[in-house]
Each structure stands twice: as C-alpha cells, then as structure tokens.
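What follows is a single structure, written as structure tokens, with notes after it.
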Amino acid sequence: MLTNISKYMMTKSFKKTKYQFTTIPSLSFSKDVGIYIHVPFCYSKCSFCPFYKELYSAELKDQYINALVKEISSAPLEGNSKWIYFGGGTPNTLTLEDFTRIINALKSKIEITNMGIELLPSLVTQEYLKGLVSLGFTKISIGIETFSKKTHQKTGRKSAGYNHILEIITYAKSIGLSVAVDLMVGLPEQTAYVFATDITKIIQIKPDQITIYPFMIIRGVKATPSCSTKEQFISIETAALKLHEAGYSRKSVWIFVLPNTTTNDVYDSSKDELVNDYYGFGPASFSTSHQWKVVKPELSVWLKNIHNNESFSFIAPKKKSTDDWRKFANRIYDLKLDNSYHFPFYIRLFDFLIKTAGYYRNGYLSKKGRYFSHEITKAVVESLPFPVQNPDCVENHEDYLVYKRSIHDL
Ligand SMILES: C[S@@+](CC[C@H](N)C(=O)[O-])C[C@H]1O[C@@H](n2cnc3c(N)ncnc32)[C@H](O)[C@@H]1O
C-alpha cells in the first residue's frame, strides 16, 4: 500500500517534467562538477538496452570525435572535476588515440581527478587497459550482465566468456584499476538458477564493486523480463547473502563493494541521476545545473549544433518538488537514514509513516524497507523522462522534428 502510494506520488512528480527544444540558457555549475561524456556507438544493439546509441561507423565516429573536442573546448568549465565518466553506447568503440584527443581537450580546461569508463568486455584487451591507465583512467565498469550465452544470443549481445572476463579483470586490478561490474537480473532466458550461477562466478572473479540492476522497462527496450519485480528482489536478496559471505558489504540496494573500495567519489548512474549536478558532453547526454536540466539531442542534430556553433537541446527548469522527491528516493536507495536534508512537510509525513510501518531499524532499512527501496528506485528510473526517446515529454516536439528534417534535406 505505502509502496504503491509512494510510487504514484514520485512518478507523477517526475512525469510532470516537460522539456522545450530550444537553445541552452547560460548555466552555472559548482566548482567541482562531475563530467559525463556519452559515446553513442555500438557494434550491435542489445535488445534490453534503452540508452541512446547508433551503429558504429568509422566515418561517423571521426566526425563525433572532432565535434566533441570542439564542444569541450568551448564549454564554460574551470576548476576541478569531481569525476569524469565515459558512458554509452560502448565507449570502447573509441581508440586510445581518440581518448588522447578528448583528454587533452579536457585538461586544457580543468583539473582531472578521477576518471572512469564503461567497457563492453568482449572488446577489451590487456593492451587497451594498459593504454587507459597511461591516459589517467582510475576506474573501469564492465558490462557483464550475465554469463549466460543463451541470454546473450537472445538479446543480440556479443558474449565474452568467463575466462576472458577473469583474465581482463585480474589484469586490470594488477595495474591498479578499480574494477566495477554490472550484472542484471530478470533478462530473457535468465532464470533464478542462471542468476545464482552468475553470482557464484562473479564471486570467484572478485571485482571491487558489483552492481546488480533489475531489468527495467524504459522506453526503447525491446526484450521482455523473465520474472517479476518481486522475483528480481528475491534474487538480489539471496545474492546479497552470498556476497556478504564472500566479504562484500552492501553500499546501496543494488551495489556491493569489497572493503576499502571508494565509491562515493565515482559516478553511479542510478544515484547521480537523482541528486548531483553534472555537465554532459556528446549526443543525448544529460546535464543538471542549479536551475536547469539539459539533454543534448541525437547525433545528427548534435553534430549540426557544433558545426554551426549552436546549442539546440531539450531544456527543462528544475522544480523544487521534483528535486525533493529525488532526494528522498536517493536516501532510500542508500539504505540508511540521513537526516541532514530538510524535507518539506508532505515528505516528512511519508517518512514518519514508513518508520512506523517498520521499514527502518536502528537507522537502516529493514528487509521490508529494502523491498520498498528496490520498488521505488526501479519505478523512479522507469519514469524518468528521456526526451530523445520520448516525444511525450517534449512540449514542442514538432519543432524538433522540423529541425531534424532540415538537416536531412541539406
Ligand atoms: C549504459 S549501459 C551500456 C554499457 C556498455 N554499452 C555495454 O554494453 O557493456 C550501462 C549498464 O546499464 C545497465 N542496463 C542496460 N539496460 C538496462 C535495463 N533495461 N535495465 C536495467 N539496467 C540496464 C547494464 O547493466 C549496463 O551495463
């Protein structure tokens, strides 16, 4: 009951966000801003993935790199970066030479502190990892998803195989990289037994951080989940027991870390989307500043922008009530009761009801509370408005289509 009311209140608040396709207003960011760079290329498209991507072509990729360097060079950035993260798509469709150009452009603007990258495991080699370290990368995040070849076949993903993943993670750790992996639960053909086997295998490999994402139905996803949200939660709770025995501690409802792993200063998509300010580069990247949320357009429009020194994007003003719900969702995601933020009356009332209903014990979420957190976080991510994929959240979507057509007519 409480779960359903909370889900309703939050998703209603998020769905209210309406974007305008227009030029970016002047943005102000805190001095130590996070930087997200979207690499929109994949060699094949996985049917479970909703994120913006285009099939790789060397020509498009070269145009993208030239434009990205120009975009970075003209950005209003200075000072330190809190983190820099390359996500995708598949960032490792770029060569080490491509990264050298991007990082040089970043270094001419800001101080780089810690830098992470998402990697598709089947493409990773030891040479590539060595190159990343010499460019200053400190963290890699490997999208394993599952070890099941059947699921990979069914979803169009190129399989990497256990031995290859073991080899690259062992090597990455030996050269000082912090290694996170993504697993998913509820993918097609991935039964509870298959997921349990995934956990046994990942425990043998021992990455520093393991994120277990429930398969979420976000617009753009083509596959169908193999189990319900509740069954996903039960599988994650069972995995949590095994991971605890193997020395991992639970950092949030879906994240597990080995002792001494620093996760606070590194981008975590499910968390940073909720609360932190960051600056996004590349097509379909998000930025959030004090007043605005900005989402850059898809590749062809973004390329035209950079070529013409324009900044047409999807812009929405930030709303206090949506921000408050986001902060509340984030607090639940973190599993512990942090009272540092002063919530408005209606959220405090909610908090009171949750506590009374036994969702917290000694300042931490109980099992009942964790289920609440799992349901809420999933519902929040599933309801986040992604304007590139979702015309319903763009007030003047027709203007966007006209603008897009004008490029293709050139
Ligand atoms: C932006 S994706 C892309 C990573 C990279 N392209 C790859 O394929 O390895 C990053 C992570 O999001 C997660 N993800 C993708 N689609 C998802 C979905 N529908 N629901 C939940 N998590 C998802 C996966 O765990 C994936 O590793």
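What's the total number of residues in the stretch 30-44 that are in a loop (DSSP other than H, G, I, E, B) and surrounded by fewer than 16 Cβ atoms within 10 Å (Cβ to Cβ)? Residues flagged as in a loop (DSSP other than H, G, I, E, B) and surrounded by fewer than 16 Cβ atoms within 10 Å (Cβ to Cβ) within the stretch 30-44 amount to 4.
Listed here are the residues, each with its yes/no results for (1) under 21 Å from the mean Cα position of the chain (by Cα); (2) in contact (Cβ under 8 Å) with a residue 24 or more places away in the chain; (3) not assigned by TED's automatic domain parsing to the domain that holds residue 125.
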site	(1), (2), (3)
142	yes, yes, no
151	no, yes, no
171	no, yes, no
183	yes, yes, no
193	no, no, no
222	yes, yes, no
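I'm told residue 102 meets every condition in (1) without any contact (Cβ under 8 Å) to a residue 60 or more places away in the chain; (2) part of a helix (DSSP H, G or I); (3) over 21 Å from residue 187 (Cα atoms); (4) not small (Gly, Ala, Ser) except one. Can you identify the failing condition by its number? With (1) without any contact (Cβ under 8 Å) to a residue 60 or more places away in the chain; (2) part of a helix (DSSP H, G or I); (3) over 21 Å from residue 187 (Cα atoms); (4) not small (Gly, Ala, Ser) applied to residue 102, the lone miss is (1). Scanning for something in the same structural domain as residue 129 (by TED's automatic domain parsing) and over 20 Å from the mean Cα position of the chain (by Cα), does the stretch 41-48 turn up at least one residue? Checking the stretch 41-48: not a single residue is in the same structural domain as residue 129 (by TED's automatic domain parsing) and over 20 Å from the mean Cα position of the chain (by Cα).
Within the stretch 346-381, the set of residues being free of Cβ contacts under 8 Å to residues at least 40 places away in the same chain, assigned to a helix (DSSP H, G or I) and hydroxyl-bearing (Ser, Thr, Tyr) comprises 346, 356. Which ones in the stretch 224-234 are more than 20 Å from residue 333 (Cα to Cα), touching a residue at least 40 places away in the same chain (Cβ under 8 Å) and not small (Gly, Ala, Ser)? Across the stretch 224-234, the qualifying residue is only 227.
A count restricted to the stretch 160-202 and to residues that are in a loop (DSSP other than H, G, I, E, B) and out of contact with any Phe, Trp or Tyr (no Cβ under 6 Å at 6 or more places or on another chain) stands at 9. Annotation: of all residues in the stretch 133-155 being under 24 Å from residue 69 (Cβ atoms) and more than 15 Å from the ligand (Cβ to nearest atom), the one that is surrounded by the most Cβ atoms within 10 Å (Cβ to Cβ) is 137. Each residue in the stretch 240-255 was checked for being crowded, with 17+ Cβ neighbours inside 10 Å and either not assigned by TED's automatic domain parsing to the domain that holds residue 206 or not basic (Lys, Arg) (or both), and 7 of them qualify. When the test is whether a residue is within 18 Å of the chain's Cα centre (by Cα), assigned to a strand (DSSP E or B), under 30 Å from residue 193 (Cα atoms) and in the same structural domain as residue 36 (by TED's automatic domain parsing), residue 116 does not pass it. Taking the conditions (1) loosely packed, with under 15 Cβ neighbours inside 10 Å; (2) away from the ligand (no atom under 16 Å from the Cβ) in turn, residue 228 satisfies each one other than (2). Are there any pairs with C-beta distances below 7 angstrom linking a residue in the stretch 122-140 that is closer than 26 Å to residue 46 by Cα and assigned by TED's automatic domain parsing to the domain that holds residue 168 to a residue that is of a type in the set (Lys, Arg) and surrounded by fewer than 20 Cβ atoms within 10 Å (Cβ to Cβ), with the two at least 6 apart or on different chains, and if so which? Matching pairs, first to second residue: 122/158.
The values are calculated or read from the model by the stated rules, or taken from the named source; none is laboratory data. In this text the structure is predicted, and so the values were computed from the model without any measurement. Note that each Cβ is placed from the backbone with ideal geometry, even for glycine, and that neighbours are counted across all protein chains shown.
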